[in-house]
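This report refers to the structure that appears directly beneath it.
Values in this text are rule-based calculations from the coordinates and carry no lab data. What you see is a predicted model, and the numbers here were worked out from it, not measured in a lab. Here Cβ is always computed from backbone atoms with ideal geometry, including for glycine, and neighbour counts include all displayed protein chains.
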Amino acid sequence: MVETKADVTVVHGEDELFALTGPLFSAATEVSCAANDANTWAASRHRASLRRPPGPHTARKLYRPAALFDGVLREHIHELRRRGADVRVTPDALNETIILDGRVAILAGDRSSGVRSYGVVARPEVVRSVATLFLATWRRATDVELFDQRFAEARALAPHILEMLSSGCKDEAAARALGIGLRTYRRRVAELMAALGASSRFQAGVRARELGLV
């Protein structure tokens, strides 16, 4: 059901969202997107944002580090890169947003009604504010390839580290089992927690289960 409240059109579910905004995606020459994971803008639907009209086109995609642990989204990110999109990663909390040509902002809402709601805004001052927040985070973010290189070893060790953490194994024993030094092990744990957006080892385990890593 589509609702309009104070210059915001609220839709429920991605079918309604793309029925309303599909023509805007098809015509857009500048797309900026921020997402925590693959569940916000489903990859199959999200590819609609890659339909390029003739002429110059700019696509900027901003993700949380956990996206690199999601096989489907990871492949989607590589596809975005191949198509010329600029992709960056940030550990900061994200306002999950799509901005089209600086004229329309789509804001991801909650799932209180059972399906995710989305707010579609065209009011210029609101869109400018959303774009300003996006750009501030974008400037602090790291290119996805550079970020991926930095966390490559932590990602490769992730299943083993998570197994050690879930078993309650002490750091010293875990480091020996993995054949690395204690300081290196703790550094990899910290890197993994950062990549998963976790503030504690327990939270890292919860997030890892959500992503199917354990």
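Computed values, structure above
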item	result
Under the Karplus curve 6.51 cos²θ - 1.76 cosθ + 1.60, θ = phi - 60°, whole-Hz ³J(HN,Hα) for region 154-165, x wherever Gly or Pro sits	4, 5, 5, 8, 3, x, 6, 5, 5, 5, 5, 5
Two-decimal Rg/Rh across region 60-103, once Rg and the Kirkwood Rh are taken from alpha-carbon atoms	0.98
Between helix 124-140 and the chain: long-axis angle, C-alpha atoms, 0 to 90°, nearest 10	20
Helix-only CD estimate at 222 nm, as mean residue ellipticity for the chain, using -39500 (n - 2.57) per DSSP H run (n ≥ 4)	-14500 deg cm²/dmol
Rounded tilt (10° steps) of 71-82 against the dominant C-alpha axis of the chain	60
Value of relative contact order over the chain, rounded to a whole percent, pairs C-alpha under 8 Å and six or more apart	20
Cβ-based net charge around residue 114, under 14 Å, with every Lys or Arg adding one and every Asp or Glu removing one	-2
Stokes-Einstein D for region 152-214, Kirkwood Rh over Cα pairs, 4 °C, 1.567 mPa s (µm²/s)	114
Against the rule of thumb 2.2 N^0.38 Å, how large the Cα Rg of region 79-144 comes out	1.24
Isotropic mean projected area of the C-alpha convex hull, the chain (nm²)	12.7
Fraction of antiparallel bridges per DSSP, the chain only, in percent to nearest 5	70
Amide H contacts under 5 Å for residue 87, placed H, 5+ residues apart	61, 144
Orientation-averaged projected area, Cα convex hull of region 99-214 (nm²)	9.8
Histogram of C-alpha separations across region 110-175, 5 Å bin width, %	3, 12, 10, 10, 11, 12, 15, 12, 8, 5, 2, 0
Long-range amide H partners of residue 58 with built H, under 5 Å	30, 31
